[in-house]
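Chemist: Supplied in structure tokens, the structure appears directly below.
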Amino acid sequence: MTETTATRPTGLTTAFDIPRPPGLTWYVQAQQPVGYEVSLTRGLLNPANPALAKAVGADGRSGVRALVVVDRVVDELYGTALRGYFTAWQTDVTWLVMPGDEETKTLDQVVEVTRAMTRMGILRRTERVVVVGGGVLMDVVGMAASLYRRGAPYVRVPTTLVGQVDAGVGVKTGVNHGTHKNRLGTYFAPEAALIDPEFLRTVPQRHIANGLAEIIKMALIKDASLFKLLEETVAHISSDSLADCGAAMSEVVSRAIAGMLDELEPNLWEGVLERSVDYGHTFSPSLELRADPPLLHGEAVAVDMAVCVALAAGRQYLTTEDAHRALALIAAAGLPLTHPVFTAELLQLGLADAVKHRDGQQRLPLTDGIGSCVFVNDVTAAELSRALEFVHAYVGAADGVDGSDR
Ligand SMILES: NC(=O)c1ccc[n+]([C@@H]2O[C@H](COP(=O)([O-])OP(=O)(O)OC[C@H]3O[C@@H](n4cnc5c(N)ncnc54)[C@H](O)[C@@H]3O)[C@@H](O)[C@H]2O)c1
Ligand SMILES: [Zn+2]
């Protein structure tokens, strides 16, 4: 037996030194570094492209396992290519095909993913979950990964425009609960987010417009050049033009992603509640699920943005001309400016809920000139009513009719 001399790290108290309670306090401080790559790539499902293989640790020789959770629609469209890719890279995949619409964004779906992880017996650190789908699946699978053994590595492959410029590139996960959007959720970074615009070719136009709402948001709060670019190109933005990813579309998508990451990176856990990316997300979370039929996320954001444009005009943060330009861009993107659930009363309720979410203050982001943002805490009910009138008057004038009940 080898004799060892135990040494006590300096600075630690011995059992004898420990004072009797009360008066015993430990302070634990730790930091968790977070780093992940967001890559814009082409031909992600072409076996010649190693990006996805690398993300699951496959080298094409030794067998590697992964759980791939795919949106049902994406599986119908890209399932063969996905399977071919992983076969080429000698990856042993357990497949889970799930629905990817807002009404399926539930805790049950999260549990469903964790069950598949258990069935597969996924290794805790070296085997990855890959999520391929829209924003809904990004949020559901990200949440499952964050809960499973308190955190399992996962890779995001967003396939909708919302997914590619927003839900797929950040660290938020979540599900709806009651009538509340994303009421349950976590912050949990993926290992990588791989974005291939080719997936957008099959996305219906309504869902392209849905994603454009988040891009217009970035333009309004921080990127005047993107705003101008959108004004020039919006009429040509389609699933095909985005998938072709020519110079203009590539600039639109990459400016949107870069702007989003620039805002998220210094505030990943939302320690600071003044978040410019919450623009258009003040009233919409309470109203998105109230609409019948429900609004898409980006549609609710668009109506919320229209109110905020009008609020900014009311405070002279935006000239009337710029406010009209902003409303015109939202409408040209195929998005609504008004909706029957966005009444003055419900806007007040939405704002009250946002105040709770933002820890007691409105912290309402407004455009301060196109491409810049301020936060206000003193919006009144009367201002909200006037803002709605401003938007309705614009819609009425644009339609050449009184649009007050639209
Ligand atoms: N976590 C975040 O930071 C964050 C940010 C923005 C949005 N979100 C969430 O994202 C969700 C909205 O995402 P979404 O708009 O992508 O919705 P979604 O995931 O429901 O996808 C929309 C529809 O497109 C289908 N689909 C997906 N990819 C396709 C493709 N390539 N071709 C054809 N059809 C395809 C889906 O099956 C679905 O029917 C909302 O729940 C929202 O809260 C989260
Ligand atoms: Zn959003």
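The values are calculated or read from the model by the stated rules, or taken from the named source; none is laboratory data. Quantities reported herein were computed from a predicted structural model and do not represent experimental measurements. FYI the Cβ positions are ideal-geometry reconstructions off the backbone, even for glycines, and counts take in every protein chain you see. The protein model used for the area step is the full one, side chains on, heavy atoms only, and it has no ligands, DNA or RNA in it. Shrake-Rupley method; radii C 1.70, N 1.55, O 1.52, S 1.80 Å.
Chemist: Restricting attention to segment 210-222, does a residue exist that is in contact with a Ser or Thr (Cβ under 8 Å, 6 or more places away or on another chain), open to solvent by 10 Å² or more (accessible area, probe 1.4 Å) and in a loop (DSSP other than H, G, I, E, B)?
Modeler: From segment 210-222, those in contact with a Ser or Thr (Cβ under 8 Å, 6 or more places away or on another chain) are 210-211, 220-222; that's our starting set.
Then keep just the ones that are open to solvent by 10 Å² or more (accessible area, probe 1.4 Å); that gives 210, 222.
Still in the list and also in a loop (DSSP other than H, G, I, E, B): none.
No, every residue in segment 210-222 fails to be in contact with a Ser or Thr (Cβ under 8 Å, 6 or more places away or on another chain), open to solvent by 10 Å² or more (accessible area, probe 1.4 Å) and in a loop (DSSP other than H, G, I, E, B).
Chemist: Residue check: is Ala256 assigned to a helix (DSSP H, G or I), under 16 Å from the mean Cα position of the chain (by Cα) and either within 16 Å of ligand 1 (Cβ to nearest atom) or in the same structural domain as Leu349 (by TED's automatic domain parsing) (or both)?
Modeler: Numbers: assigned to a helix (DSSP H, G or I): yes; under 16 Å from the mean Cα position of the chain (by Cα): yes; either within 16 Å of ligand 1 (Cβ to nearest atom) or in the same structural domain as Leu349 (by TED's automatic domain parsing) (or both): yes.
In short, yes.
Chemist: State all residues of segment 128-160 that are more than 18 Å from the chain's Cα centre (by Cα) and not in a helix (DSSP H, G or I); if no residue qualifies, say none.
Modeler: If the condition is that a residue be more than 18 Å from the chain's Cα centre (by Cα) and not in a helix (DSSP H, G or I), then Arg128, Val129, Gly151, Ala152, Pro153 are the ones that fit.
Chemist: Go through segment 109-128 and give me each residue that's within 16 Å of ligand 1 (Cβ to nearest atom) and of a type outside the set (Asp, Glu). I'd like the intermediate steps shown before the answer.
Modeler: Taking segment 109-128 and keeping what is within 16 Å of ligand 1 (Cβ to nearest atom), we get 109-110, 112-113.
Gln109, Val110, Val113 - these are the residues of segment 109-128 that are within 16 Å of ligand 1 (Cβ to nearest atom) and of a type outside the set (Asp, Glu).
Chemist: Given the conditions (1) charged (D, E, K, R); (2) over 17 Å from Ser254 (Cα atoms); (3) crowded, with 18+ Cβ neighbours inside 10 Å; (4) within 11 Å of ligand 1 (Cβ to nearest atom), and given that Arg206 satisfies all but one, which numbered condition is not satisfied?
Modeler: With (1) charged (D, E, K, R); (2) over 17 Å from Ser254 (Cα atoms); (3) crowded, with 18+ Cβ neighbours inside 10 Å; (4) within 11 Å of ligand 1 (Cβ to nearest atom) applied to Arg206, the lone miss is (3).
Chemist: Residues Leu318, Leu335, Leu289, Leu349: which one is away from ligand 1 (no atom under 16 Å from the Cβ) and either open to solvent by 10 Å² or more (accessible area, probe 1.4 Å) or in contact (Cβ under 8 Å) with a residue 60 or more places away in the chain (or both)?
Modeler: On the way: Leu318 fails: either open to solvent by 10 Å² or more (accessible area, probe 1.4 Å) or in contact (Cβ under 8 Å) with a residue 60 or more places away in the chain (or both); Leu335 fails: away from ligand 1 (no atom under 16 Å from the Cβ); Leu289 fails: away from ligand 1 (no atom under 16 Å from the Cβ).
The conditions single out Leu349.
Chemist: When you go through (1) hydrophobic (A, V, I, L, M, F, W, C); (2) surrounded by 20 or more Cβ atoms within 10 Å (Cβ to Cβ); (3) within 30 Å of Thr233 (Cα to Cα); (4) over 24 Å from the mean Cα position of the chain (by Cα) one by one for Ala328, which number turns out not to apply?
Modeler: Condition not satisfied by Ala328: (2).
Chemist: Consider segment 30-63. How many of its residues are at pLDDT 95 or above and over 27 Å from Val253 (Cα atoms)?
Modeler: Residues flagged as at pLDDT 95 or above and over 27 Å from Val253 (Cα atoms) within segment 30-63 amount to 2.
Chemist: Hey, another quick one. Taking Ala393 as the residue in question, decide whether it is under 23 Å from Arg206 (Cβ atoms), in a helix (DSSP H, G or I) and not polar (S, T, N, Q).
Modeler: Details: under 23 Å from Arg206 (Cβ atoms): no; in a helix (DSSP H, G or I): yes; not polar (S, T, N, Q): yes.
In short, no.
Chemist: Mind counting the residues in segment 253-280 that are touching a residue at least 40 places away in the same chain (Cβ under 8 Å), of a type outside the set (A, V, I, L, M, F, W, C) and open to solvent by less than 40 Å² (accessible area, probe 1.4 Å)?
Modeler: Within segment 253-280, the subset touching a residue at least 40 places away in the same chain (Cβ under 8 Å) is 253-254, 256-257, 259-264, 268-270, 273-280.
Restricting the remaining residues to those that are of a type outside the set (A, V, I, L, M, F, W, C) gives 254, 259, 262-263, 270, 274-276, 278-280.
So of that shortlist, the ones also open to solvent by less than 40 Å² (accessible area, probe 1.4 Å) come out as 259, 270, 275-276, 278-280.
Count: 7.
Chemist: Quick one: is Thr80 open to solvent by 30 Å² or more (accessible area, probe 1.4 Å), β-branched (Val, Ile, Thr) and in contact with a strand residue (DSSP E or B) (Cβ under 9 Å, 6 or more places away or on another chain)? Step through it out loud before you land on a result.
Modeler: Working: open to solvent by 30 Å² or more (accessible area, probe 1.4 Å): yes; β-branched (Val, Ile, Thr): yes; in contact with a strand residue (DSSP E or B) (Cβ under 9 Å, 6 or more places away or on another chain): no.
Against the criterion (open to solvent by 30 Å² or more (accessible area, probe 1.4 Å), β-branched (Val, Ile, Thr) and in contact with a strand residue (DSSP E or B) (Cβ under 9 Å, 6 or more places away or on another chain)), Thr80 does not qualify.
Chemist: Next up: Could you list, in sequence order, all residues of segment 164-180 that are in contact (Cβ under 8 Å) with a residue 40 or more places away in the chain and within 6 Å of ligand 1 (Cβ to nearest atom)?
Modeler: Asp166, Gly170, listed by residue number.
Chemist: When the residues of segment 181-192 are filtered to those that are open to solvent by less than 50 Å² (accessible area, probe 1.4 Å) and more than 9 Å from ligand 1 (Cβ to nearest atom), which remaining residue is farthest from the chain's Cα centre (by Cα)?
Modeler: Ala192
Chemist: Might you check whether a residue that is within 15 Å of ligand 2 (Cβ to nearest atom), open to solvent by 10 Å² or more (accessible area, probe 1.4 Å) and in a helix (DSSP H, G or I) occurs anywhere in segment 292-310?
Modeler: yes
Chemist: Being in contact (Cβ under 8 Å) with a residue 12 or more places away in the chain, assigned by TED's automatic domain parsing to the domain that holds Glu127 and open to solvent by 40 Å² or more (accessible area, probe 1.4 Å): is that true of Thr87 here?
Modeler: Values: in contact (Cβ under 8 Å) with a residue 12 or more places away in the chain: no; assigned by TED's automatic domain parsing to the domain that holds Glu127: yes; open to solvent by 40 Å² or more (accessible area, probe 1.4 Å): yes.
No, not satisfied.
Chemist: Can you pull out the residues in segment 65-77 that are surrounded by fewer than 21 Cβ atoms within 10 Å (Cβ to Cβ) and part of a strand (DSSP E or B)?
Modeler: The answer is Arg65, and nothing else.
Chemist: Which ones in segment 159-175 are under 17 Å from Val129 (Cα atoms), buried (at least 24 other Cβ atoms within 10 Å of the Cβ) and either more than 13 Å from ligand 2 (Cβ to nearest atom) or among the charged types (D, E, K, R) (or both)?
Modeler: Thr159, Thr173
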